[in-house]
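In what follows, a single structure is set out as structure tokens and then discussed.
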Amino acid sequence: MAEVVLVNPPILGKIPALKVPPLGLGYLASSLRQEGIEPKIIDAPALGLNLTQVLTLIKQYSPKILGITATSPLKDSAYKLVGASRSLVKWIILGGAHPSAVGRKIFEECPEIDFGFQGEGEEQFPILVKKLLRGEKEIFLPGVITPKKDSKSALISDLDRLAFPSWDLLPMRNYRHPLFPGKRIATIISSRGCPYHCIFCDKSVSGSRWRARSPENVLEEIEELYFQENVKAIIFYDDLFTLDKKRVIEICQGIIDRKIKISWKCEGRVNIVDEEMLYWMKRAGCEIIAYGIETKHQEGLDWLKKGVSEKEIERAVHLTKKAGIKVLGYFIFGIPVEDYQQELENIEFAFELGLDYVQFGSLSPFPGSELYQLALERGWYQEKKAPAPEEYGKRPLLITEYWTWERLESILKTAYRRFYFRPSYLLKRLISFRGFLDLFRSGIQLKKWLKR
């Protein structure tokens, strides 16, 4: 029995290869515990549960309140669970990136929802839960969405106040990431928000104001994961982990001083890394930095409002590889000011940079982004099947007269085929046993997608 059950819903028709902890639910569970409410978490993708199995667990726990998380690409999976569980619980609350971005529109899309929640929920969500459990009728709180009202919760200034996610409620043994094969993984958010203004970025949850946890607070969580949960690899889910050089170095030095032997990955930005920072990151176990490269063409970078140049991209990749850290490059195809030939040049750019991994994707106007409004105004917004591997559900896509879905799929398949199936790349990955296993697992999935 549990009064509150929090669910990461099953992905319709898919068992994902990448399984990472739903940090939002972990944080909400901890905030509820601080108020004396003991919840349950059902992470369906990690447990391999289908809709029927999730419903069986909900019946078993018999909650009064069901909290469901939803991103925009996976909203249909969440709505399917809402409808199927409607008769089993008294209240259903939808949270996550999608309701944060679209607000009251969720009730048009799924009338069975009782409440939605916008923004960071750790402070206001427990208040909503307590009010519902007390039987209060009229509820208006910052962050709570009703069919008549919505308002975002205030950003949390002091992130050190938050309890760590409730790792004990999550199936830690089930989490896997292809970049760290064979290692037990966890994810950490050490800062929230991003001060940059890329046109495609959805900031509806954590906003533009960058707020960071103290190095000591981050290190305490890493210690807990390493010593208590036997975690050997960590993925920092910050929008921008490398923003504050002094803080990054203090975290790295703390990992070294505490003799924590972990591998980790983070997100960086090409114009704010230097040799000293990268030196300490490597010493502290950083194996991979992901950079949003997007395109080599300045016109495309400017259209995306990236605020970087090709030279800065080349410099950052060079310094990172010189430090002994692998580089994952994100590229975006379908930028309106670029054509098919320029995207072929971007594939060649990935070769020239010597990237270890790439993720090619299509330009997506997610609700909550500046691009979303532009796409609606120009008639470019469509929700279609994702044209890239390891993407699920219907994805918001920027479809123009030139960049049709078929053309996007064609360039994406060309990009993945050329990058990952080059003889030189295959040989590089085969050199190590770990690289062979990584290549074998990911290669099977990629070949299946390329044959679709």
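The values are calculated or read from the model by the stated rules, or taken from the named source; none is laboratory data. Owing to the predicted nature of the structure, the values given are computational and were not obtained by experimental measurement. Cβ sites come from the backbone with ideal geometry, for glycine too, and all protein chains shown count toward neighbours. Surface areas here come from the heavy atoms of the whole protein model, side chains and all, with no ligands, DNA or RNA. Shrake-Rupley method; radii C 1.70, N 1.55, O 1.52, S 1.80 Å.
The table that follows gives values for the structure above.
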item	result
Qualifying residues in segment 46-71 (those that are closer than 30 Å to Asp160 by Cβ and not in a strand (DSSP E or B)) - the one most open to solvent (accessible area, probe 1.4 Å)	Thr71
Checking Ser157 against (1) more than 26 Å from Ala290 (Cβ to Cβ); (2) among the small types (Gly, Ala, Ser); (3) assigned to a loop (DSSP other than H, G, I, E, B); (4) open to solvent by less than 60 Å² (accessible area, probe 1.4 Å), the condition it does not meet	(4)
Residue that is nearest to Gly83 (Cα to Cα), among those in segment 18-38 that are open to solvent by less than 50 Å² (accessible area, probe 1.4 Å) and aliphatic (A, V, I, L, M)	Leu25
Residue, farthest from Ile251 (Cα to Cα), within segment 204-231, restricted to residues that are of a type outside the set (D, E, K, R) and exposed (fewer than 15 other Cβ atoms within 10 Å of the Cβ)	Ser208
Breaking point among (1) surrounded by fewer than 20 Cβ atoms within 10 Å (Cβ to Cβ); (2) more than 18 Å from Thr242 (Cα to Cα); (3) not basic (Lys, Arg), for Tyr330	(2)
Output for segment 269-298, where each listed residue is of a type in the set (Ser, Thr, Tyr) and more than 27 Å from Leu219 (Cβ to Cβ)	Thr295
Pairs where the first residue, in segment 210-233, is farther than 14 Å from Ser263 by Cβ and part of a helix (DSSP H, G or I) and the second is of a type outside the set (A, V, I, L, M) and open to solvent by 30 Å² or more (accessible area, probe 1.4 Å), C-beta under 6 Å, 6+ apart	Pro215/Glu250; Asn217/Asp160; Glu221/Phe164
Residues within segment 84-112 that are assigned to a loop (DSSP other than H, G, I, E, B), over 24 Å from the mean Cα position of the chain (by Cα) and buried (at least 16 other Cβ atoms within 10 Å of the Cβ), tallied	1
Complete set of residues in segment 113-129 that are more than 14 Å from Gly67 (Cβ to Cβ) and either part of a strand (DSSP E or B) or of a type in the set (Asp, Glu) (or both)	Glu120, Glu123
Failed criterion for Ala17 (all others in (1) more than 14 Å from Val129 (Cβ to Cβ); (2) among the hydrophobic types (A, V, I, L, M, F, W, C); (3) in a helix (DSSP H, G or I) hold)	(3)
Enumerated helices (runs of 4 or more DSSP H) restricted to segment 328-425, each holding at least 2 residues that are over 29 Å from Ile106 (Cα atoms)	340-353, 405-420
Output for segment 261-277, where each listed residue is of a type in the set (D, E, K, R), assigned to a loop (DSSP other than H, G, I, E, B) and either farther than 18 Å from Phe331 by Cβ or without any contact (Cβ under 8 Å) to a residue 60 or more places away in the chain (or both)	Lys261, Asp274
Contacts under 6 angstrom Cβ, first residue in segment 333-346 being open to solvent by less than 40 Å² (accessible area, probe 1.4 Å), partner in a strand (DSSP E or B), 6 or more apart	Phe333/Ser362; Gly334/Ser362; Gly334/Leu398; Glu343/Phe333; Asn346/Phe331
Those residues of segment 160-200 which are touching a residue at least 12 places away in the same chain (Cβ under 8 Å), open to solvent by 30 Å² or more (accessible area, probe 1.4 Å) and outside any loop (DSSP other than H, G, I, E, B), in sequence order	Asp160, Leu169, Asn174, Arg176
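A quick yes/no check of all residues on (1) closer than 28 Å to Pro45 by Cα; (2) open to solvent by 80 Å² or more (accessible area, probe 1.4 Å); (3) modelled with pLDDT of 95 or more:
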site	(1), (2), (3)
Glu383	yes, no, no
Glu390	yes, yes, no
Glu401	no, yes, yes
Phe421	no, no, no
Leu437	yes, no, no
Lys448	yes, yes, no
